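The values are calculated or read from the model by the stated rules, or taken from the named source; none is laboratory data. In this text, all values refer to a predicted model and were calculated from it rather than measured experimentally. A quick note on method: Cβ atoms are made from the backbone with ideal geometry, for glycine too, and the neighbour counts reach across all protein chains shown. All accessible areas refer to the heavy atoms of the entire protein, side chains included, with ligands and DNA or RNA removed. Shrake-Rupley method; radii C 1.70, N 1.55, O 1.52, S 1.80 Å.
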Amino acid sequence: MMARERDTFEGVLGNETALTLLGRALRTGEVSQAYLFHGPPGVGKRTVAVRFGAALVAGDDAAAEDRALRGLHPDLTEVLPAGAFTTIGQVREVVRLAASRPFEGLRRVFILQADTLNVQAANALLKTLEEPEGETVFVLLATSREGVLPTVLSRAQAVRFNPVPTSVVAEFLEDRGAENPGLAAELGRGSVGLSLRYAEDPEFGELREAVFRAGFAFSEDFEGRHEVVGEIVGRAEAVGAAREREALARFEEPDRRAKDGAKRAGRAARDGALRESLELLALLYRDAAVVEAGAEDLVANTDRVAEVRDYVDRYPGADWAGTARSLGEARAALAYNVSPEATLEVTLSRIRRKILARSPGSSTSGSPAGA
């Protein structure tokens, strides 16, 4: 039995049911061989996985747990996808390591993104998930159970993570001294991490501004849309570069492994920012729909209500809600490594046609100030 005197999940907001279950496992030592943490992006799955894994490998050794939390413990391994997928080569290396004894900890813990495993990689992992050797624990992360192969799903204990209530996030941000906690909480859409980025990271603020300019660029020609798309991609690249610098800053003298890890983290942050640009577009058009419906109190972009209303008045009859829903195809294209520039340009072109087709009496010349 592992006696736990420290609160492993202190400061984690929401998802009390999941945290209670995992805390009980740490206290009693009754730990499953594999877990599946599933839920929307940014609701704490990875944070909890790292803390849970650090506690598992360290036991009651506070110094070892601290090293694990900083990514410096050899028995806690997070496997990041090589691009869109976790490869069979990466999984085979995990299987090889899982068959050996821990280097120094009580257990070995591997954190993988389950919805990035293709069929071959998942099959390579199945036997180890079913019959892990020694004290190995797998923590698999996924945005939904549906995105995980049934054979993997059946071998793991599912733990659901839900969006954190906006009011809870806003209170947390206010306690941190955020300038506009309510807005950041709305933009985060139940994700504490994303809300923090909007509250404290100027790069995300600039990404949002670029998306606003692109999202309402209905009067722009191809060159104009190409320019605003380039701005979005540039802002995403800046987010990735900042994340890479953050990762490197954890090491006084980063070695090759640390540098490679920082580059992967940077690419993941860039890709995440590109995906977020599509979510911001959808949120923008959703706001236009609720403004048109006379429900301005439901707008997420609370600081831009007048601007959104101006565009709703400019394009009467536009299918704003349908436009928001239509962004699913663009999300899928990004997931399969289609060029982000091409994806965004095609998406904005389709949106322009969709909006203008439903508002034939609207003017297409010029745009409101600040667009």
Legend entry - Distant-in-sequence amide H partners of LEU36 (H built 1.01 Å from N, under 5 Å): LEU140, GLN157, ALA158, VAL159
Legend entry - For the chain: relative contact order, % (alpha-carbon pairs under 8 angstrom, 6 or more apart): 15 percent
Inset, instruction - Choose one of LEU76, GLN113, PRO150: the residue whose Cα lies farthest towards the positive end of the charge dipole of the chain (beta-carbon charges +1 Lys, Arg; -1 Asp, Glu; about the Cα centre). - result: PRO150
Inset, instruction - Taking 7 Å along the Cα-to-C-beta vector as the label spot, tell me the LYS127-ALA268 distance in nanometres, rounded to one decimal. - result: 2.8 nm
Legend entry - Charge dipole (debye, nearest 20) of the chain; +1 at Cβ of Lys and Arg, -1 at Cβ of Asp and Glu: 1180 debye
Legend entry - the chain, accessible surface, carbon-and-sulfur percent (1.4 angstrom probe): 49 percent
Legend entry - Protection-proxy order for peptides 301-312, 106-117, 250-261, each taking the mean of Cβ atoms within 10 Å per residue, highest first: 106-117, 301-312, 250-261
Inset, instruction - Obtain the radius of gyration and the Kirkwood radius of the range 234-308 from its C-alpha atoms and give Rg over Rh. - result: 1.26
Inset, instruction - Quick one: dipole size for the range 145-292, taken about the Cα centre, charges +1 on Lys/Arg Cβ and -1 on Asp/Glu Cβ, in debye to the nearest 20. - result: 960 debye
Legend entry - Coordinate range along principal axes, alpha carbons of the range 174-295, Å, largest first: 55, 42, 18
Inset, instruction - Please sort 96-105, 11-20 by packing, taking for each peptide the average over its residues of neighbouring beta carbons within 10 angstrom, highest first. - result: 11-20, 96-105
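Once the Cα gyration tensor of the range 274-352 is found, what semi-axes does its equivalent ellipsoid get, as square roots of 5 times the eigenvalues, in whole Å, sorted largest first? It would help to have the intermediate numbers written out before the result.
Working: eigenvalues 121, 31, 19 Å².
They are 25, 13, 10 Å, listed largest first.
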Inset, instruction - About the Cα centre of the range 1-142, how large is the charge dipole given +1 on each Lys and Arg Cβ and -1 on each Asp and Glu Cβ? Please answer in debye to the nearest 20. - result: 240 debye
Inset, instruction - Decide, for the range 97-166, between rounded, prolate and oblate: order the square roots of the alpha carbon gyration tensor eigenvalues as a ≥ b ≥ c, take rounded if a/c falls under 1.5, and otherwise choose prolate if a/b is larger than b/c, else oblate. - result: oblate
Legend entry - Tail beyond 27 Å, pair distance distribution of the range 93-234 (Cα, percent): 52 percent
Inset, instruction - Taking just the C-alpha trace of the range 220-356, give me its Rg and Dmax in Å. - result: 18.0, 59
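Return the inverse of the average 1/r over all pairs of distinct C-alpha atoms in the range 1-91, which is the Kirkwood hydrodynamic radius, in Å to one decimal. Each step should come with its number before you reach the end.
Working: mean 1/r = 0.0702 Å⁻¹.
For the range 1-91, the Kirkwood estimate is 14.2 Å.
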Legend entry - Å² per residue, accessible surface of the chain at 1.4 Å: 48 Å²
Inset, instruction - Any chance you could list P(r) for the chain, counting all Cα-Cα pairs in 20 angstrom bins from zero, rounded to whole %? - result: 26, 54, 19, 1
